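J.: Just dropping this structure here.
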Amino acid sequence: VKEGYPSFMDKEIHDQPKAVADTLLGRTSPTGALVLDELRIEESVLRAVDKIIVVACGTAAYSGHVAKYAIEHWCRIPVEVELAHEFRYRDPIVNPRTLVVAISQSGETMDTLMAVRHAREQGAHVLAIVNTHGSTLPREADAVLYTHAGPEVAVASTKAFLAQITACYLLGLYLAQLRGTKFPEELRDALAELQSIPDKVAEVLSREEEVRAEARAMHEATSVLFLGRHVGYPVALEGALKLKEIAYIHAEGFAAGELKHGPIALVEPGQPVFIIVPSPRGRDVLHQKVVSNIQEVRARGARTLVIAEEGDEAVVPYADVIFRVPQTSTLLSPLVAVVPLQIFASELATAKGLDVDQPRNLAKSVTVE
Ligand code: M6R
């Protein structure tokens, strides 16, 4: 049931505070430590892991990109993120000290299942991050960490994405706790901030009409670009994917630093460009770099649509439109920054009269290779 929303996608966008909260639920002890009982991989094995490879497809793979930044920061373990179909058909270097993390909403994506089989044959341990109970992937893996997003019906993934990112953060914090790579206080602070995310997502949703009005005004756009750095990069990729999938608009996500290596040639007067801005309270350089990128595209006539934290005044002179999100540390910011992009795609597709839940040529789960 759509519970009064015009589409399942809209309903699922609004389910997101709960999807994140439910994924966090019951995974901390009264002392504030993380408890992931379901990780049936022995602690000694997890301590010995020297490389993590995330395998997934589409939106699930973008959650893996976010995981890379967080896990490498907290755990100091190298993390590779690879599309499952690419992983499967090369000759990946995998051994018993490799932890393969397979991420999937459906648990039935054939490319991901094949990648997991391939990894296990070579002795890797496999952890699945899955939303659908009773699906195939958990049976093929050594252990499973469920996301608790509830059933996702719309072809375009939204709440599963937020739940996947949340589960990846939990995994990163858990491994850091186990391996002692960060001070317990730092991990506790990160976990506390994670617990505050559902309210922040709700706050973004409370301002959805600003985004929807902008999307309606842009219903004739034929090309939209998305730029981000650091964790903002996978958010840019996801924003572009949503728009391609349901609004059939040519959309590209770029790492903002790549601009001058090619993509800036695409910018002509009037070109809409979304820019995802990291927190100004974090690493100054990162924030400054993104602000310069906004200036660069604006100077070439782009129409800049900026996703920026509340109180970030540095973006104001260069933004045609600002969508504000609550203050959040850069590492956790994808959970709030992606929400306006989901709303934008949904509203633009609706304005074009398209079927938001069942886009052409796509299936909810891709069970063939
Ligand atoms: O069920 P999965 O998470 O394994 O699906 C992976 C992709 O097929 C999926 O995320 C796809 O990209 C979505 N349609 C994105 O909205």
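The values are calculated or read from the model by the stated rules, or taken from the named source; none is laboratory data. What you see is a predicted model; the values in this text were computed from it and never measured. Here the Cβ is made from the backbone with ideal geometry for all residues, glycine too, and neighbour counts use every protein chain on show. These accessible areas exclude ligands, DNA and RNA; they are computed on the full protein's heavy atoms, side chains included. Shrake-Rupley method; radii C 1.70, N 1.55, O 1.52, S 1.80 Å.
J.: Within a Cβ distance under 13 Å of Ala70, other residues only, what is the Lys/Arg minus Asp/Glu net charge?
T.: Summing Lys and Arg as +1 and Asp and Glu as -1 gives 0.
J.: Same structure again: Quick one: plug the Kirkwood hydrodynamic radius of the chain (C-alpha pairs) into Stokes-Einstein at 20 °C, 1.002 mPa s, and report D in µm²/s.
T.: For these conditions, the coefficient is 104 µm²/s.
J.: Another one. Checking the cross-link filter: which lysines have an alpha carbon closer than 16 Å to that of Lys244, excluding same-chain neighbours under 8 positions apart?
T.: By straight Cα distance, Lys244 reaches Lys352, Lys364.
J.: Shifting gears a bit: For region 126-145 and region 37-66, what is the separation of their C-alpha centers, rounded to whole Å?
T.: Each part's Cα centre sits 12 Å from the other's.
J.: Something else: For Leu227, enumerate residues with amide H under 5 Å from its amide H, sequence gap 5+ or separate chain, H modeled in the peptide plane.
T.: Amide H neighbours of Leu227, under 5 Å, 5+ apart: Phe254, Phe274, Ile275, Ile276.
J.: While we're on this one: With charges only on Cβ, +1 for K and R and -1 for D and E, what is the dipole size of the chain about its Cα centre, in debye, rounded to 20?
T.: With Lys and Arg at +1 and Asp and Glu at -1, about 480 debye.
J.: Now a separate question. Straight-line reach from Lys200: which lysines have a Cα under 21 Å away, not including same-chain ones fewer than 8 places off?
T.: Cα-Cα hits under 21 Å: Lys11, Lys18, Lys159.
J.: Also: From the Cα gyration tensor of region 263-318, with a ≥ b ≥ c the square roots of its eigenvalues, which class applies: rounded if a/c is under 1.5, or else prolate if a/b is larger than b/c, or else oblate?
T.: It is prolate, given that a/c is not under 1.5 and a/b is the larger ratio.
J.: Here's another thing I want to ask about it. Would you mind checking the tilt of helix 334-351 against the longest principal axis of the Cα atoms of the chain, expressed as 0 to 90 degrees and rounded to 10?
T.: It is inclined by approximately 50 degrees.
J.: At a 1.4 Å probe, what is the % contribution of carbon and sulfur to the accessible area of region 49-91?
T.: Details: 800 of 1660 Å².
C and S atoms contribute 48 percent here.
J.: When ranked by the protection proxy of mean other Cβ atoms within 10 Å per residue, highest first, what sequence do the peptides 149-161, 229-241, 357-369, 194-206 form?
T.: Descending mean neighbour count gives 229-241, 149-161, 194-206, 357-369.
J.: Cα convex hull of region 23-171: how many Å³ per residue? Let's see the in-between values first.
T.: Working: hull volume 15.2 nm³, N = 149.
Spelled out: Cα convex hull of region 23-171, divided by residues, is 102 Å³.
J.: Let me know the whole percent of all Cα-Cα pairs from region 166-258 that are separated by more than 15 Å. Kindly include the intermediate steps, with their values, before the conclusion.
T.: Working: 3110 of 4278 pairs.
Pairs farther apart than 15 Å: 73 percent.
J.: Right, something else. Running a GNM on the chain with Cα contacts under 10 Å, which residue among Ile52, Ile294, Ile93 ends up with the highest mean-square fluctuation?
T.: The residue with the greatest mean-square fluctuation here is Ile93.
J.: Here's something else I'd like to know. Non-local amide H neighbours of Ile129 (under 5 Å, H modeled in plane, Pro and chain starts lacking H): which ones?
T.: Sorted by chain and number, the residues that satisfy this are Ala102, Ile103, Ser104, Leu145.
J.: Next up: Taking a probe of 1.4 angstrom, what is the accessible area of Lys11 in Å², to the nearest 10?
T.: 30 Å²
J.: Can you give me the accessible area per residue for region 261-326, using a 1.4 Å probe, in Å²?
T.: I get 44 Å² per residue for this part.
J.: Another one. Step through the residues of region 93-110 one at a time and calculate ³J(HN,Hα) from phi using the Karplus curve (6.51 cos²θ - 1.76 cosθ + 1.60, θ = phi - 60°), rounding each to whole Hz and writing x for Gly and Pro.
T.: Each residue of region 93-110 in turn: 8, 9, 8, x, 8, 9, 9, 9, 10, 9, 10, 7, 5, 6, x, 10, 5, 4 Hz.
J.: Could you tell me what fraction of 2.2 N^0.38 Å the Cα radius of gyration of region 1-77 comes to, as a two-decimal ratio? The partial results should precede the final answer.
T.: Values: Rg = 16.7 Å, N = 77, 2.2 N^0.38 = 11.5 Å.
Rg over 2.2 N^0.38 Å, computed on Cα atoms: 1.46.
J.: While we're here: Could I have the simple spin-label model distance between Lys364 and Thr181, label points 7 Å from Cα toward Cβ, reported in nm to one decimal?
T.: Those two pseudo-labels are separated by 3.6 nm.
J.: Additional query: Tyr89 accessible area, nearest 10 Å², 1.4 Å probe?
T.: Answer for Tyr89: close to 150 Å² accessible.
J.: Can you work out the Karplus-derived ³J(HN,Hα) for every residue in region 63-68? Use 6.51 cos²θ - 1.76 cosθ + 1.60 with θ = phi - 60°, whole Hz, and x for glycine or proline.
T.: These are the phi-based 3J(HN,Hα) values: 5, x, 4, 5, 4, 4 Hz.
J.: Given the DSSP H assignment, sum -39500 (n - 2.57) over each helix run of at least 4 residues in the chain and divide by its residue total; what's the result at 222 nm in deg cm²/dmol, nearest 500?
T.: Numbers: 14 runs with 165 residues, N = 369.
Value at 222 nm, helices only, nearest 500: -14000 deg cm²/dmol.
J.: Further question: Can you give the accessible area of Lys352, probe radius 1.4 Å, in Å² rounded to 10?
T.: Rounded to the nearest 10, the figure is 80 Å².
J.: Counting only residues 5 or more places away or on other chains, whose amide H sits under 5 Å from the amide H of Glu80 once H atoms are built in the peptide plane?
T.: Residues meeting the criterion, in which the H sits 1.01 Å from N, are Ile52, Ile53, Val54.
J.: Now for a different question. For region 34-41, take each phi angle, set θ = phi - 60°, evaluate the Karplus expression 6.51 cos²θ - 1.76 cosθ + 1.60, and give the result in whole Hz per residue in order, putting x for glycine and proline.
T.: 7, 10, 10, 4, 5, 6, 7, 9
J.: Excluding residues fewer than 8 places away in the same chain, name every one of the aspartates and glutamates whose C-alpha is closer than 13 Å to that of Lys2.
T.: Asp10, Glu12, Asp15, Glu152, Asp357
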